[in-house]
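S.K.: Mind looking over this structure? Questions follow.
The values are calculated or read from the model by the stated rules, or taken from the named source; none is laboratory data. All figures in this text were calculated on a predicted structure; none of them were measured in a lab. In this analysis, Cβ positions are derived from the backbone assuming ideal geometry, glycine residues included, and neighbour counts consider all displayed protein chains. Side chains are part of the model used for accessible areas, which takes the heavy atoms of the whole protein and leaves out ligands, DNA and RNA. Shrake-Rupley method; radii C 1.70, N 1.55, O 1.52, S 1.80 Å.
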Amino acid sequence: MGVDMGELRGTHVPVLLERCLELLAPALDRPQATHVDFTLGLGGHAEAVLERFPQAVLIGLDRDTEALAHSRHRLARFADRTHLIHAVYHELPDVLADLGLPNFHSGLFDLGVSSLQLDEPDRGFAYARDAPLDMRMDQSRGITAEEVVNEYQPGELVRILREYGEEKFATRIVSAIVRERGRDRITSSARLADLVRDAIPAAARRTGGNPAKRTFQALRIEVNGELASVEAAVPAALDLLAPKGRLVVMSYQSLEDRIVKRAIAARTRSTGPIDLPVELPGTGPTLRSLTRGSEPPSEAEVAENPRAASVKLRAVERIDESQASGAARERPRMSATHGGLGRLRPRRQQEGEGT
């Protein structure tokens, strides 16, 4: 349930706040709506929900005990409507069971690293500042980035940098790390950032921002098991979303967004035979997309909050199956230009194609 961290730190400008509230409002307007903030952080989105929807009850999850302490202080005036819980977002089924709740009505994922973790140098997330190589979102447990850098086998480090950082110079960077750790243990984020910069060809260093960005992203994902957690959490959340409930997910890098996209796509299309003129009971979609693919931030949003620049927002509503179930439903008729061949199979979209 969090700890007393002494003086509270960090600043926070909630990303796409008004858009999130607009999308979630129909679900939050119902009496005693349960809203789950899967990534509570410093509580900016949660505070806005509690202020604007006075009947809503908040379940706020975060693995970061310092973030929970900050949010508990910030949301103290709403204590009678909040449950702030030290948990990773894939643990939602257990959290709801402990609270005696069968489902939830509104939910928000704001994935990735939080403002608190980025802004405080001692957490070790920022490649532009010197700090111990930690990178744990939950500093009470788990391996550190220092352990990964110094103790993983070279082949495993290459795989992590390629898969989680999409780093094309992974082999060169790992060779530099192995040489350096053979002389002395790498314990500093600044030292690691220097190694990465020196390992990358000079021409590649001139574009794409800080050359250590992809390596630090990959290590952070490995330390915190982020992708595995997202892969478990999003489907679980969709399964526990109440009829007419709404879920918004904001991702900041392509690996996360790809997982979210797949989980949503699997539930927004029929599972029945495509050649039947009717939708069989129980085979129709269970979700309705509220966005056309992924929504980017507006120029005004990025100008106000530069950390929103890479965000991709997706939102869905759970279809009320009690209204959609029953007798088989006729599918939409196809145009005569299809030559009477029935419903056409959609072209398989390649991974990463479109939004």
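S.K.: Restricting to segment 132-169, what's the tally of residues that are more than 15 Å from residue 186 (Cβ to Cβ), under 23 Å from the mean Cα position of the chain (by Cα) and assigned to a loop (DSSP other than H, G, I, E, B)?
M.R.: Residues meeting the conditions: 9.
S.K.: Taking only segment 88-100 into account, find how many residues are aliphatic (A, V, I, L, M), open to solvent by 30 Å² or more (accessible area, probe 1.4 Å) and in contact (Cβ under 8 Å) with a residue 24 or more places away in the chain. Before the answer, list the steps.
M.R.: Going through segment 88-100, the residues aliphatic (A, V, I, L, M) turn out to be 88, 92, 95-97, 99.
Retained after the next criterion (residues that are open to solvent by 30 Å² or more (accessible area, probe 1.4 Å)): 97, 99.
Retained after the next criterion (residues that are in contact (Cβ under 8 Å) with a residue 24 or more places away in the chain): 99.
Number satisfying all stated conditions: 1.
S.K.: Okay, next question. I'd like the full set of residues that are closer than 28 Å to residue 225 by Cα, open to solvent by less than 10 Å² (accessible area, probe 1.4 Å) and assigned to a loop (DSSP other than H, G, I, E, B), limited to segment 42-81.
M.R.: 42, 43, 64
S.K.: Go through the residues of segment 101-108 one by one and say whether even a single one is farther than 30 Å from residue 33 by Cα, open to solvent by 60 Å² or more (accessible area, probe 1.4 Å) and modelled with pLDDT of 95 or more. Break it down into steps so the answer makes sense when it comes.
M.R.: Residues of segment 101-108 that are farther than 30 Å from residue 33 by Cα, as a first pass: none.
No, every residue in segment 101-108 fails to be farther than 30 Å from residue 33 by Cα, open to solvent by 60 Å² or more (accessible area, probe 1.4 Å) and modelled with pLDDT of 95 or more.
S.K.: Let me ask you something else. For segment 109-151, enumerate the residues that are at pLDDT 80 or above, buried (at least 21 other Cβ atoms within 10 Å of the Cβ) and small (Gly, Ala, Ser).
M.R.: Once the filter is applied, which keeps residues that are at pLDDT 80 or above, buried (at least 21 other Cβ atoms within 10 Å of the Cβ) and small (Gly, Ala, Ser), segment 109-151 yields only 145.
S.K.: Give segment 171-200 a look and list any residue that's among the basic types (Lys, Arg) and assigned to a helix (DSSP H, G or I), or say none. Please lay out each step first, then the result.
M.R.: First pass over segment 171-200, keeping only residues among the basic types (Lys, Arg): 172, 179, 181, 183, 185, 191, 197.
Listed by number, the residues that qualify are 172, 179, 181, 183, 191, 197.
S.K.: Picking from 167, 146, which residue would you name as being under 22 Å from residue 225 (Cα atoms) and out of contact with any helix residue (DSSP H, G or I) (no Cβ under 6 Å at 6 or more places or on another chain)? Before the answer, list the steps.
M.R.: Values: 167 fails: out of contact with any helix residue (DSSP H, G or I) (no Cβ under 6 Å at 6 or more places or on another chain).
From the options 167, 146, the qualifying one is 146.
S.K.: When you go through 144, 171 one by one, which is the residue that is polar (S, T, N, Q) and more than 26 Å from residue 62 (Cβ to Cβ)? Show your work before the answer.
M.R.: Numbers: 144 fails: more than 26 Å from residue 62 (Cβ to Cβ).
Result: 171 is the single residue among 144, 171 that is polar (S, T, N, Q) and more than 26 Å from residue 62 (Cβ to Cβ).
S.K.: Taking residue 204 as the residue in question, decide whether it is in a helix (DSSP H, G or I) and either modelled with pLDDT of 95 or more or under 20 Å from residue 87 (Cβ atoms) (or both).
M.R.: Details: in a helix (DSSP H, G or I): yes; either modelled with pLDDT of 95 or more or under 20 Å from residue 87 (Cβ atoms) (or both): no.
Spelling it out, it is not the case that residue 204 is in a helix (DSSP H, G or I) and either modelled with pLDDT of 95 or more or under 20 Å from residue 87 (Cβ atoms) (or both).
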